[in-house]
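Asks: Here it is: the structure, laid out below.
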Amino acid sequence: MEDLGLKIFGAILTTIMAFAVGMTYGGIVRKLTARVQNRFGPPFYQNFLDLVKLQSKKTNVAHGFMGHTAPVWIMVASITVLMFIPILNGNLWFPNLSFHGDLIFILYMMVFGSLGMALGAGQTGNPNSAIGVTRGLSMMVGFEIPFVLALVALMVQYHTTSIQDLMQIQHESGTWLIFSNPFAFLAALFASLGMFRYSPFDIVGAPAELASGPMSEFGGKYLGTMMSGGSIFAFIKLTLYVDLFLGGAGNPDHTGIWATLAGIGVLLIKTFTLYMVPVFYGWVSPRYRTEQAIRYFWGWPTALGIIGLIWAVY
Amino acid sequence: MTDLIKEQKLLENVTNPFKIKGRVIRNRRVEVFCDKETVSSVLLYAKTQLGYIHLAHMTCIDWIDENKFELIYTIWSPVEKVHLFVKTKIDRENPVMENIDKIWDQANTYEREMREMFGIEFPGLIGEHDFALEDWDEMPPMRKDFDTHQYAEQTYYNRPGREDAKDVRETLVERSGTEVPDFAKKYSRER
Amino acid sequence: MINDKDSQKIVDYIQNFSRKHSLFVMAYGTGCGAIEIPATMTSRYDAERFGIRGAATPRQADVLLITGYLATKTLKRVIRVYEQMQEPKYVIGFGSCTINGGMYYDSYNTINALEQYIPVDVYINGCMPRPESVISGFIKLQELIQQGKADNGKRYRENLEWYRANQKKIIKNWKMPDYNW
Amino acid sequence: MIREKETTLYLGPQHPGITGNMMIKLKVQGDTVVSATTHVGYLHRAFEKLIERRNWLNAFTLLCRFCVPEPDPMELTYARAVEELDNREVPERAKYIRVIVMELARLQSFLLWYAGQAGSGGLYTMGQWSVGDRNYVLDLFEDLTGGRIYHMYIWPGGVRRDLPDGWTDKVLKTMDYLENRQKDYNQLMFDNTVFQKRAKGVGIIPKDKAVEWGVVGPPLRGTGIKSDVRIDEPYEIYDKLDFVVPTFEGGDIWARAMVRQEEFRQSISIIRQAIEKMPKGEYYNKVPNPMKWIVPEGQAWAKTESVRGEIGFYVASNGTNKPYRVHAKGAAYTHGVTVLEKVLPGQNIADVSFIMNSLGVCPPEIER
């Protein structure tokens, strides 16, 4: 029983941390973007202020059941996936419901939130939302292929479908998977550009084209919930990448408080570095058209994924 | 003004076939006056035969004293680099003018605007009736006898203290209770 | 023990603080004042450091900037946009034209006083107002929000009939959904 | 191909992708535009009616507000039309000052266009940089005229005031700065592969139809036709200056962007030449009493080259102290309505605002 209590406490802690880190990263990116654009920029906690404001707005608009629950779907999907991602390697404070095959499970669950969003946006009846959803789904078709190829390459290479096992392998062998299968990493990295929806792949909610796409009809609390769900999701994606390719963080042999904190520190450094890749790319790129974006993903990233797969087999 | 050769030539080319009057205004400016019926044929002739392929401008002037609308078509040749003004006057009561958007598509926009602002009818004109205005049921507003100030006063809320086209200095004098300084008197309206 | 009044005070303070520092401005250039908005938002004046940023749709926006004159045709759309915005919402009248008609006081197609048709929190005068004055207008709005005086939506709801009568006087063909959200 | 259902998409009037305040009603199949209808009039202020109630000179306060991104060509065009009616000579120095002001206006408008073109394509960094730099040009205007956006500086018979001391040095300094910045802009925008992919082959205006459609200015030069009011009908001192009117084949967004990029450089060079050659002397051929100034009866048409293309003013006088009729035709009058309606069908929705920006559609100019 003690164990269960600890796990629940750990789960809550994980969620809070994911939320805080995701939001802060968003704020830091806004600040950095401003500096690149010769501006002073908002404070790094701006996203929290935005969130409090959005949650304290009144909402007197009804768009039906799916419209109401769409943000909740995103939130639920984010937290569910978060529970299956090992934050620190073998640490009791950050439990995970890891099981054999969770990598495949996560692949499906990551789409769940977008699906809820799509249904919700569809019910609002705004044509911009509908077009935005179509674009989002097409984009997903684009970047999922290199992403899945990369993950399959890892699964084939190490004969496991468990993230925890992959982390353990990296810990024991001492090399990160980025070095043992660089092609898979590159394919996944390109896919991550699409996942984070920075330029040039911000075609889902492109302001100049579709107002704000699927979110057009969602304001106030809905937008706030979506924002926090999205922040958690950003943290999930980053942590997954770090777990799979960059050796994860934390040491299963040391689980004391200081070791845990050090592990979190390592995790933050790694995730932030990874986060900068799509952000840097976004600063200097205009937006692709949908078909150009898909062609982009089906070009080099997919080729790299296939090479990674071949590399893994031999 | 010795080198108005191409302008003179253009004037002859346009006036002779249609037996209409015209004159060379100055360098690069030629105007012809014709009937309402001949306008479209003059324009078509200038476009297809003389190379005046660019419709630069179309406008309408309300000569209320004569009870006429004057329509002015400005066309331009990229080769000759001369403006040709084709001017015509139509009746102010029940004004109807030939639609020329078959010759130039963009004439459609000008004509829609004129239909709305002056109430000139162009038979066969495609396009919604509302161009700039919406649900307008008064007199076409660009006509001279439409008093926009009066309309605005009746329709919109006027904040007190905002008078019509008043001299700024007078208002200042009223508010501050001082005299208009001498240097400013030079440009007053009374003089 | 904290009593209810005090805790409400704390909640209000936090709410007002975040509202004040996070103003999403409706991206709707209703008039020529829109030309100074890019300048206000970009590098020299950088309104984002006060938490002011653009929002693409009325649902997400907090502040409606009426940038200059309002033609009656736009007024209809502005009312639609305004009513779609969620409370708390704020309106800033931007430029002389929103105050007394400015130089278009005698035009048959522009309204002369904005607050007759929708409630206004802050007016910024000038034609054009410089980016500095735009920012000072925003700061004035922030002060009002902090003091809890910016109750634009409430004023509109309470005086809806008066505003409706004024609006209908100008918009001849009233085909709009009622204010029920 | 499966026939998809047609959806009606209202782009605007409240839409971040629309330049200014207008509405395009799009019929779309999937992502492709089938037909487009523009609706304007959201900015109709009845300028022309109001000018009939103003004095000849009072009209200037209204005139410069015709098109917000670039108010000076309006003043110059009207001033030239009135000068033609009044037979008023303009001193040589005023002509040079006018040219400098015009080219500065062109520069600031180009910088705004950079922001619009890049911003509608999702490249926000560019917009932040160029609008920030635009402030430097506006500072020069502020020194010269007292206004950031609206100047009311060019008057019939010259300009309102002489150049302040040391102003030309400031101008030259700013020109050097902008020339340096041009490299950054090129790296960020024009050399950008993604931008090129977006811009090439999109929104094509056919060369053989361009003049007939009423396309003017950079879009026309982007089809390869050399047409510019500054050389076709030289005004002020443009015939004494040495500059190139760039043309570019293709007629797509890319061609228009390249034309503008080159024109930006030409404007800087024109300003430098004008400052170098500027004579000393009078700057204003004074109008007697501006309040009661009577302009002789007649009609005049004047046109100037603005950033978006030619701007024409038709001014009619009946010999009183008020204009009888002033009609303005800006480039957007054709670009924003008929040309846009013709170019948009067959394009992707993603490109609508991209095309709109590249045509330089300025709604206040359409409905006035």
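The values are calculated or read from the model by the stated rules, or taken from the named source; none is laboratory data. Values in this document were obtained by computation on a predicted structure and should not be read as measured data. Neighbour counts are summed over all protein chains in view; Cβ atoms, including those assigned to glycine, are modelled from backbone coordinates with ideal geometry.
Asks: Give the residues of the range D:185-204 that are surrounded by 24 or more Cβ atoms within 10 Å (Cβ to Cβ) and either within 14 Å of chain B (Cβ to nearest Cβ) or on the phi < 0 side of the Ramachandran plot (or both), sorted by residue number.
Replies: Of the residues in the range D:185-204, the ones surrounded by 24 or more Cβ atoms within 10 Å (Cβ to Cβ) are D:189, D:195, D:198-199, D:203.
Those that are surrounded by 24 or more Cβ atoms within 10 Å (Cβ to Cβ) and either within 14 Å of chain B (Cβ to nearest Cβ) or on the phi < 0 side of the Ramachandran plot (or both): D:189, D:195, D:198, D:199.
Asks: Out of the range A:147-165, which residues are over 13 Å from residue A:302 (Cβ atoms) and assigned to a helix (DSSP H, G or I)?
Replies: Step one: filter the range A:147-165 for residues over 13 Å from residue A:302 (Cβ atoms), giving A:151, A:154-165.
A:151, A:154, A:155, A:156, A:157, A:158, A:163, A:164, A:165, listed by residue number.
Asks: Let me ask something else about it. Could you check the range D:269-293 and list, in sequence order, the residues that are acidic (Asp, Glu) and in contact (Cβ under 8 Å) with a residue 12 or more places away in the chain? Reasoning before the result, please.
Replies: Going through the range D:269-293, the residues acidic (Asp, Glu) turn out to be D:276, D:282.
The one that is acidic (Asp, Glu) and in contact (Cβ under 8 Å) with a residue 12 or more places away in the chain: D:282.
Asks: Out of D:65, D:134, D:148, report the one residue that is at negative phi, of a type in the set (Lys, Arg), free of Cβ contacts under 8 Å to residues at least 24 places away in the same chain and facing another protein chain (nearest Cβ under 9 Å). Before you say what the answer is, go through the steps one by one.
Replies: Working: D:65 fails: free of Cβ contacts under 8 Å to residues at least 24 places away in the same chain; D:134 fails: free of Cβ contacts under 8 Å to residues at least 24 places away in the same chain.
Of D:65, D:134, D:148, the one residue that is at negative phi, of a type in the set (Lys, Arg), free of Cβ contacts under 8 Å to residues at least 24 places away in the same chain and facing another protein chain (nearest Cβ under 9 Å) is D:148.
Asks: Restricting to the range A:48-60, name every residue that is buried (at least 17 other Cβ atoms within 10 Å of the Cβ), within 7 Å of chain C (Cβ to nearest Cβ) and within 21 Å of residue A:123 (Cβ to Cβ).
Replies: A:57, A:59
Asks: Return a yes/no flag: does the range A:255-268 have any residue that is more than 14 Å from every other protein chain (Cβ to nearest Cβ), outside any helix (DSSP H, G or I) and not small (Gly, Ala, Ser). If you could, list the steps in order and put the result at the bottom.
Replies: Step one: list which residues in the range A:255-268 are more than 14 Å from every other protein chain (Cβ to nearest Cβ), which gives A:255-268.
Of the ones still in play, those that are also outside any helix (DSSP H, G or I) are A:255-256.
Restricting the remaining residues to those that are not small (Gly, Ala, Ser) gives A:255.
Yes: the range A:255-268 contains one or more residues that are more than 14 Å from every other protein chain (Cβ to nearest Cβ), outside any helix (DSSP H, G or I) and not small (Gly, Ala, Ser).
Asks: Look through D:317, D:306 and report the one residue that is under 15 Å from residue D:77 (Cβ atoms) and modelled with pLDDT of 85 or more.
Replies: Numbers: D:317 fails: under 15 Å from residue D:77 (Cβ atoms).
The match here is D:306.
Asks: Within the group A:224, A:213, A:229, which residue is surrounded by 20 or more Cβ atoms within 10 Å (Cβ to Cβ) and either modelled with pLDDT under 80 or within 11 Å of chain D (Cβ to nearest Cβ) (or both)?
Replies: Details: A:224 fails: either modelled with pLDDT under 80 or within 11 Å of chain D (Cβ to nearest Cβ) (or both); A:229 fails: either modelled with pLDDT under 80 or within 11 Å of chain D (Cβ to nearest Cβ) (or both).
Checking each option against the conditions leaves just A:213.
Asks: List pairs: first residue in the range C:9-22 and within 18 Å of residue C:140 (Cβ to Cβ), second residue among the polar types (S, T, N, Q) and surrounded by fewer than 13 Cβ atoms within 10 Å (Cβ to Cβ) anywhere in the structure, Cβ distance under 9 angstrom, at least six positions apart or on different chains.
Replies: Listed by first residue and then by second, the contacts come to C:16/C:147.
Asks: Based on this model, can you work out whether residue B:53 counts as within 9 Å of chain D (Cβ to nearest Cβ) and free of Cβ contacts under 8 Å to residues at least 12 places away in the same chain? Break it down into steps so the answer makes sense when it comes.
Replies: Values: within 9 Å of chain D (Cβ to nearest Cβ): yes; free of Cβ contacts under 8 Å to residues at least 12 places away in the same chain: no.
Against the criterion (within 9 Å of chain D (Cβ to nearest Cβ) and free of Cβ contacts under 8 Å to residues at least 12 places away in the same chain), residue B:53 does not qualify.
Asks: Same structure again: Which one is farthest from the chain's Cα centre (by Cα) among residues in the range C:1-30 that are among the small types (Gly, Ala, Ser) and at the interface with another protein chain (Cβ under 7 Å from one of its Cβ atoms)? Steps first, answer last, please.
Replies: Of all residues in the range C:1-30, those among the small types (Gly, Ala, Ser) come to C:7, C:18, C:22, C:27, C:29.
Right, trim to at the interface with another protein chain (Cβ under 7 Å from one of its Cβ atoms) and you get C:18, C:22, C:27, C:29.
Values: C:18: 18, C:22: 14, C:27: 12, C:29: 12 Å.
Filtering the range C:1-30 for residues that are among the small types (Gly, Ala, Ser) and at the interface with another protein chain (Cβ under 7 Å from one of its Cβ atoms), the one farthest from the chain's Cα centre (by Cα) comes out as C:18.
Asks: Continuing with the same structure: Determine, yes or no, whether residue D:149 is assigned to a loop (DSSP other than H, G, I, E, B) and of a type in the set (A, V, I, L, M). If you could, list the steps in order and put the result at the bottom.
Replies: Working: assigned to a loop (DSSP other than H, G, I, E, B): yes; of a type in the set (A, V, I, L, M): yes.
Yes: the conditions hold for residue D:149.
Asks: Give me the residue from the range C:34-64 that is more than 7 Å from every other protein chain (Cβ to nearest Cβ) and of a type in the set (Val, Ile, Thr) and, out of that set, nearest to residue C:135 (Cα to Cα).
Replies: The selected residue is C:40.
Asks: Right, another one. If I ask for residues that are within 14 Å of chain B (Cβ to nearest Cβ) and either within 20 Å of residue C:16 (Cβ to Cβ) or part of a helix (DSSP H, G or I) (or both), which ones from the range C:127-181 would you list?
Replies: If the condition is that a residue be within 14 Å of chain B (Cβ to nearest Cβ) and either within 20 Å of residue C:16 (Cβ to Cβ) or part of a helix (DSSP H, G or I) (or both), then C:162, C:163, C:165, C:166, C:167, C:168, C:169, C:170 are the ones that fit.
Asks: When residue D:366 is evaluated against the numbered criteria (1) within 11 Å of chain B (Cβ to nearest Cβ); (2) under 13 Å from residue D:82 (Cβ atoms), which criterion, by number, is the only one it fails?
Replies: Status for residue D:366: all satisfied but (2).
Asks: Anything in the range D:112-158 that is closer than 20 Å to residue A:33 by Cα and hydroxyl-bearing (Ser, Thr, Tyr)? List them, or say none.
Replies: Once the filter is applied, which keeps residues that are closer than 20 Å to residue A:33 by Cα and hydroxyl-bearing (Ser, Thr, Tyr), the range D:112-158 yields D:114, D:120, D:124, D:125, D:130.
Asks: Among the residues of the range C:96-107, is any within 12 Å of the chain's Cα centre (by Cα) and within 14 Å of chain A (Cβ to nearest Cβ)? Break it down stepwise before answering.
Replies: Taking the range C:96-107 and keeping what is within 12 Å of the chain's Cα centre (by Cα), we get C:98.
With within 14 Å of chain A (Cβ to nearest Cβ) added as a condition, the list becomes none.
No, because not a single residue in the range C:96-107 is within 12 Å of the chain's Cα centre (by Cα) and within 14 Å of chain A (Cβ to nearest Cβ).
Asks: Right, another one. So, in the range B:88-134, of the ones that are assigned to a strand (DSSP E or B) and either facing another protein chain (nearest Cβ under 9 Å) or over 13 Å from the mean Cα position of the chain (by Cα) (or both), which residue ends up surrounded by the most Cβ atoms within 10 Å (Cβ to Cβ)?
Replies: Quick first cut of the range B:88-134, residues assigned to a strand (DSSP E or B) only: B:88-91, B:96, B:121.
Subsequent filtering for residues that are either facing another protein chain (nearest Cβ under 9 Å) or over 13 Å from the mean Cα position of the chain (by Cα) (or both) retains B:90-91, B:96, B:121.
Details: B:90: 19, B:91: 11, B:96: 12, B:121: 14.
Among those residues, the one meeting the criterion is B:90.
Asks: Can I ask one more? Give, as residue ranges, the strands (runs of 3 or more DSSP E) completely inside the range C:45-123 that count at least 3 residues that are of a type in the set (A, V, I, L, M) and crowded, with 21+ Cβ neighbours inside 10 Å. First the steps, then the outcome.
Replies: Numbers: elements: C:52-55, C:63-67, C:90-94.
Of the strands (runs of 3 or more DSSP E) lying wholly inside the range C:45-123, those with at least 3 residues that are of a type in the set (A, V, I, L, M) and crowded, with 21+ Cβ neighbours inside 10 Å span C:63-67.
Residues are listed down the side, and each one gets a yes or a no for (1) in contact (Cβ under 8 Å) with a residue 24 or more places away in the chain; (2) touching a Leu at 6+ places or on another chain (Cβ under 9 Å); (3) more than 24 Å from residue A:199 (Cβ to Cβ):
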| position | (1), (2), (3) |
| --- | --- |
| A:247 | yes, yes, yes |
| A:283 | yes, yes, no |
| A:286 | yes, yes, no |
| A:300 | yes, yes, no |
| A:310 | no, no, yes |
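Asks: Let me ask something else about it. Looking at the range D:313-338, I want the residues that are closer than 19 Å to residue B:111 by Cβ and have a partner that is among the aromatic types (Phe, Trp, Tyr) and assigned to a loop (DSSP other than H, G, I, E, B) with Cβ atoms under 8 Å, at least 6 apart or on another chain. Which pairs are those?
Replies: Pairs found: D:328/D:66; D:330/D:66; D:334/D:213; D:338/D:213.
Asks: I would also like to ask the following. Give the residue, chosen from D:365, D:263, that is modelled with pLDDT under 85 and charged (D, E, K, R). Spell out how you get there, then give the answer.
Replies: Working: D:263 fails: modelled with pLDDT under 85.
Of D:365, D:263, the one residue that is modelled with pLDDT under 85 and charged (D, E, K, R) is D:365.
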